[in-house]
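K.L.:
This is the structure, below, for whatever I ask next.
The values are calculated or read from the model by the stated rules, or taken from the named source; none is laboratory data. The structure presented is a predicted model; accordingly, all values stated were derived computationally and were not measured. Virtual Cβ from ideal backbone geometry, glycine too; neighbours counted across all protein chains shown.
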Amino acid sequence: MTQTNYSGKVQRVAIIANGKYQSKRVVSKLFAALRDDKDFYLSKHNPDIVISIGGDGMLLSAFHMYEKDLDRVRFVGIHTGHLGFYTDYRDFEVDKLLEDLRKDKGEKISYPVLHVKLTLQDGRIIESRALNEATIKRIEKTMVADVLINGVKFERFRGDGISVSTPTGSTAYNKSLGGAILHPTIEALQLTEISSLNNRVYRTLGSSVIIPKHEHIEIVPKRLGTYTLSVDNKTFSHKNVAKVEYSLDSKKISFVATPFHTSFWERVKDAFIGEFDS
């Protein structure tokens, strides 16, 4: 946990919410409480704090709205549905959030973000950031691609596709693919195959691989065609992809370090295991 150069200034707060009825009720309550509070200024332009209301998908959207401001903005989430990994407060805990924000001294908890660099055959470069993961798949047929780790040709992959996730994203799509769960403070990437072909002719490692923070991953398709590149909850299609490079971004996402910032392992237990007899 770190602390910013907090000087008691008025905090600019942006409120981002989905269209659900319960989320709208929370928004109304927050607006009513913060609108006339001299310590806060409600604005979606250059905020210091972004309050996301909904679930993890809504926080992903908020992250992408302000990904260019990660060195300055902090996030906090209120979930109005199922338990989320990025949301610290429930919809009935708005008063507690307001109390914690008024006591806030600028402390934050930061987690790694994925940097994705897509190079097309014509030389064009498209760069983006992912909070959870980025995947590449071939639309028409089996994807065949060379996998390079820190410049070393690691394997020739054949299958549906490849996912590269952040530690925070390890509990999302990566987990459903059989990948490992990483604590979000671990600065690493995780490469996980999607339905790889493994037989006596074609062979891949077949398990997820953890890549340290100073190394990078390259995926080089060996066949022309149309590929889909998914970055968190956004999907794009590109023809004639030359390569995709993955590394940890120079910026991190920061959350408001409130007393409600639940233990990661507590979240994992609640989401996947639940209560059990001691």
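K.L.:
Hey, any hits in the range 114-124 for a residue that's out of contact with any strand residue (DSSP E or B) (no Cβ under 6 Å at 6 or more places or on another chain), more than 16 Å from Thr166 (Cα to Cα) and crowded, with 17+ Cβ neighbours inside 10 Å?
P.N.:
No.
K.L.:
Looking at the range 257-278, which of its residues are closer than 23 Å to Ile181 by Cα and either among the polar types (S, T, N, Q) or surrounded by 15 or more Cβ atoms within 10 Å (Cβ to Cβ) (or both)?
P.N.:
If the condition is that a residue be closer than 23 Å to Ile181 by Cα and either among the polar types (S, T, N, Q) or surrounded by 15 or more Cβ atoms within 10 Å (Cβ to Cβ) (or both), then Ala257, Phe260, His261, Thr262, Ser263, Phe264, Arg267, Val268 are the ones that fit.
K.L.:
A follow-up question, please. For the range 171-190, indicate whether the set of residues that are among the acidic types (Asp, Glu) and over 30 Å from Gln121 (Cβ atoms) is non-empty.
P.N.:
For the range 171-190, residues among the acidic types (Asp, Glu) and over 30 Å from Gln121 (Cβ atoms): present.
K.L.:
Test each condition in (1) more than 30 Å from Leu30 (Cβ to Cβ); (2) touching a residue at least 24 places away in the same chain (Cβ under 8 Å) for Leu98 and report the one that comes out false.
P.N.:
Here Leu98 meets the rest and fails (1).
K.L.:
Six or more apart or on different chains, Cβ atoms under 8 Å: show the pairs whose first residue is in the range 70-86 and farther than 19 Å from Pro167 by Cβ and in the same structural domain as Val10 (by TED's automatic domain parsing) and whose second is among the acidic types (Asp, Glu) and modelled with pLDDT of 95 or more.
P.N.:
Every condition considered, the pairs that remain are Arg72/Asp48; Val73/Asp48.
K.L.:
Please give the number of the condition Gly225 fails out of (1) over 24 Å from Leu59 (Cβ atoms); (2) at pLDDT 95 or above.
P.N.:
Every condition holds for Gly225 apart from (2).
K.L.:
Is there a residue in the range 147-155 that is over 20 Å from the mean Cα position of the chain (by Cα), assigned to a strand (DSSP E or B) and within 27 Å of Ala257 (Cα to Cα)?
P.N.:
No, the range 147-155 contains no residue that is over 20 Å from the mean Cα position of the chain (by Cα), assigned to a strand (DSSP E or B) and within 27 Å of Ala257 (Cα to Cα).
K.L.:
Of the conditions (1) in contact (Cβ under 8 Å) with a residue 60 or more places away in the chain; (2) exposed (fewer than 15 other Cβ atoms within 10 Å of the Cβ); (3) within 30 Å of Leu197 (Cα to Cα), Val152 fails just one. Which one is it?
P.N.:
(1)
K.L.:
Which condition number in (1) farther than 20 Å from Leu60 by Cβ; (2) assigned by TED's automatic domain parsing to the domain that holds Glu140 is the one that Thr185 fails?
P.N.:
Of the numbered conditions (1) farther than 20 Å from Leu60 by Cβ; (2) assigned by TED's automatic domain parsing to the domain that holds Glu140, the odd one out for Thr185 is (1).
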